[in-house]
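The values are calculated or read from the model by the stated rules, or taken from the named source; none is laboratory data. Not measured: the values here are computed from a predicted model. Cβ sites come from the backbone with ideal geometry, for glycine too, and all protein chains shown count toward neighbours. Areas reflect the complete protein model, heavy atoms only, side chains present, ligands, DNA and RNA absent. Shrake-Rupley method; radii C 1.70, N 1.55, O 1.52, S 1.80 Å.
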Amino acid sequence: MRSAVVAVLTAAAALPGAASCLVGGACAVEAEASVLLQRSSAKPVVATSAMERIKVKGGAFTRGDTEVVMLGGNYVWKAAPYFPPKAIVERNAKQIAEELASSAYIPKHGADGKHRISVPCVRLGAMMEGMMPDEAGKIDGAWVQALDDAISAFAAHGVYVFLDAHGDAWSTTNGGTGFPWWMSAYMQETAGSDGKSFITSPEHPLEIAIPDALADVLRKAGAAIPEISVVESDPDPWRNFSVGSGVGNPRYMNIGNINMRKNNNDKAWAEANLIFTKQVQNAYHRFLKSPGDDEDRKQIFMPYVEFIKELFSMWDRHSNVVAVELLNEPPPTGLPCVKTARKSRTNLWMFYANVLDELDKLGVHPDAPVALQDVSGTLPGANRLYDALFSEPSAASGEFEMKKLKAWASRGKLVLSFHFYPGFATQVGMEEMIELARKEAAKWGQVPLFFSEFWGETAQEMADVMAGAGDDGVDAITYWHYVDREYTGQPGWYIYNAATLAKGDPVSDEGEINWEAWGEYVKTVFDETFIGGDITGAAGGRCDVLGLLPTVAPKTFPKLQPRYPHAPRGDP
């Protein structure tokens, strides 16, 4: 049925008006594909010819001898088919490039006193669940081709690409997205007799893993404790689309099981419902430890490395690919055991070092950089309580890890990625967050900073943050998130069929269910004709930010609010 979806998407791209995107209430004007947009030597240059590679040099991104600041948005689908048709990507790439070229922003000079130029970029989501949907090592050629087409489309308009191995709170088997269902299923099959939950099913209901004693500490610190919600009238809430149930494809439990949708809507996602479930705590912990177990190394770690290798092959084939980001917002793990949870950072950075070591052994291209981010995408020092709960003093400072990280940094192959979402994980201001990133990167050597996610209530607010971060020395900035709302008809990368639209939104941002709309929508999940998914923070997108970049950044950063609630659904 996926081929039918692709045909529908391709046809939609050819409809009248499909060559434009809402930008500040106006449509972008289609221009000749060969147009060359130039400004002063310190302004963006956008070309359709072959692109010059951006490299890491002296702790910055450079193109030739010129230091660059990369500016753009996240471009991430949370569910199949994972990418829009190439024609849509091309029009989005053109609009991104033209918006930046039309902006007034000129970056401040670099530390060496030389001018810097701004260039357009995207952080392109590339999920393992898309590349290996059904079993370890079996690569979906159509997904690889769609990724290749998207990168080529961005290159046609001079847009650089960070490949983001995106994931949000593990896997579809617990309502998340990113990692394939069969990985969780393998973990459950080999769980032994201790009763740990790795999937969600009638035998393994979705449950919070926070122990009572820790919950009391968190409440005293003012943190809300996540709670799992279910439809009260549902006698068997975790059966549909669960592994082994025979009721729906387990690939789509995150969008097709209504009880999952009550726990991965915008509000629930912002409250970290999925992150602190037993399923995520158990599965992600085992994932991070998989390099050290012979069977898990074979069934978990090496398929993941194969996935990362495929992303690096895109770097080889496309000169506009800048780096590959290994994980997105890796959660703290190991709860309900607090002692194990304190090793979250230690285990994460050991995992990274093992991946880099394996890539060295496999001879992955010697110039291709990786981007790494800390637990939850935050940084040490952003919240002392978070550090105390999930970090040992030795985190990321072991001899093996530091040797490997410094080696990659010395070859210009390391980038530090970080997010800024005010809340439990991050309780410092923007200026301090950037300084923490600079301090963390300095431990490894000369490493550029990639401010890879943040969200603001208005486009101007996000544009001001981007200009301020660029002037503060951040090397690449991508807001959450770019969406072609004219194409989708929604504030995210998902499309509802006419029968669903006639009834309204199936599930609201707050998890309220429109049963008539849900009845129509879930049919498309069962027959696999759905397009994208409104899960784990997929709403709130826009495409009108870069053109609003100011000539001079505000003296102080706007005070960003938590990313829920998102911008109103009717506001482009």
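Rounded to whole Å and sorted largest first, list the principal axis extents of the Cα atoms in the chain.
Projected onto its principal axes, the Cα set of the chain covers 65, 58, 46 Å.
In terms of the Cα gyration tensor, with a ≥ b ≥ c the square roots of its eigenvalues, is the range 270-337 rounded because a/c is under 1.5, prolate because a/b exceeds b/c, or oblate?
The shape class here is oblate.
Can you compute the helix-only [θ] at 222 nm over the chain? Use -39500 (n - 2.57) per DSSP H run of at least 4 residues, normalise by all residues, nearest 500 deg cm²/dmol. Could you put the intermediate results ahead of the total?
Details: 20 runs with 198 residues, N = 572.
Theoretical 222 nm ellipticity from helices: -10000 deg cm²/dmol.
Of K278/K503; K298/K439; K55/K94; K55/K443; K196/K439; K78/K278, which ones are farther than 29 Å apart at the Cα?
K278/K503; K298/K439; K196/K439
Highest first, please rank the peptides 494-500, 555-561 by the mean number of other Cβ atoms sitting within 10 Å of their residues.
The densest-packed peptide leads the list: 494-500, 555-561.
For the range 385-500, what is the relative contact order in percent, using Cα pairs closer than 8 Å and at least 6 residues apart in sequence?
Relative CO of the range 385-500 lands at 21 percent.
Leaving out ligands, DNA and RNA but keeping every protein chain, what accessible area does D216 have, in Å² rounded to the nearest 10, with a 1.4 Å probe?
Accessible area of D216: about 80 Å².
Excluding residues on the same chain fewer than 8 positions from K114, give the aspartates and glutamates whose Cα lies under 16 Å from its Cα.
Correct list for K114: D65, E67, D471, D472, D475.
Bin by bin, in steps of 5 Å, what percent of the Cα pairs in the range 207-296 do you find, going until the bin that has the longest distance?
For the range 207-296, the pair-distance distribution reads 2, 13, 16, 20, 20, 14, 10, 5, 1.
Take the Cβ-Cβ distance between W515 and C337 as r, set R0 to 35 Å, and report the resulting FRET efficiency rounded to the nearest 0.05. Could the numbers behind the result be given before it?
On the way: r = 40 Å, r/R0 = 1.14.
Here the calculated transfer efficiency is 0.30.
By how many nm would the segment from A221 to K403 lengthen if fully extended, with 0.36 nm per residue of separation less the alpha-carbon distance?
Full-extension gain reported as 61.8 nm.
For the chain, with the dipole built from +1 on Lys and Arg beta-carbon atoms and -1 on Asp and Glu ones, taken about the Cα centre, which of P202, W182, L501 lies farthest toward the positive end?
W182
Within straight cross-link reach of K404, meaning Cα distance under 14 Å, which aspartates and glutamates are found once same-chain residues fewer than 8 apart are removed?
D357, E358, D360
Could you please tell me the mean projected area of the C-alpha convex hull for the range 163-238, averaged over all directions and given in square nanometres to one decimal?
On the way: hull surface 30.1 nm².
With every direction weighted equally, the projected area is 7.5 nm².
Taking the full set of protein chains and a 1.4 angstrom probe, give the accessible area of K196 in square angstrom, rounded to the nearest 10.
Counting only protein heavy atoms, K196 exposes about 90 Å² to solvent.
I want to verify the translational diffusion coefficient of the range 123-221 in µm²/s; compute it with Stokes-Einstein, Rh as the Kirkwood radius over Cα pairs, at 25 °C and 0.890 mPa s.
Values: Rh = 16.2 Å.
Diffusion coefficient, whole number: 151 µm²/s.
Where a Cα-Cα gap under 14 Å defines reach, which aspartates and glutamates qualify for K339, not counting those fewer than 8 residues away within the same chain?
Leaving aside aspartates and glutamates fewer than 8 places away in the same chain, those within reach of K339 are D387, E392.
Report relative contact order for the range 496-563 in percent, whole number only (criteria: Cα-Cα under 8 Å, sequence separation at least 6).
Averaging sequence separation for qualifying contacts and normalising by length gives 22 percent for the range 496-563.
Could you sort out which of K267/K559; K220/K559; K86/K361 sit more than 23 Å apart by Cα distance in this structure?
The pairs that break the limit, which is 23 Å between Cα atoms, are K220/K559; K86/K361.
From the Cα gyration tensor of the range 470-558, with a ≥ b ≥ c the square roots of its eigenvalues, which class applies: rounded if a/c is under 1.5, or else prolate if a/b is larger than b/c, or else oblate?
prolate
Which log10 I(q)/I(0) values does the range 375-465 give at q = 0.11, 0.15, 0.20 Å⁻¹ under the Debye formula, counting every alpha carbon as one identical point scatterer?
Once normalised to I(0) and log-transformed, intensities are -0.35, -0.63, -1.02.
Express in nm, to one decimal, how much length is gained between T551 and A104 on full extension, taking 0.36 nm for each residue of separation and deducting their alpha carbon distance.
160.5 nm
Local charge sum around A283 (other residues, Cβ-Cβ under 12 Å, Lys/Arg +1, Asp/Glu -1)?
Net of charged neighbours comes to +3.
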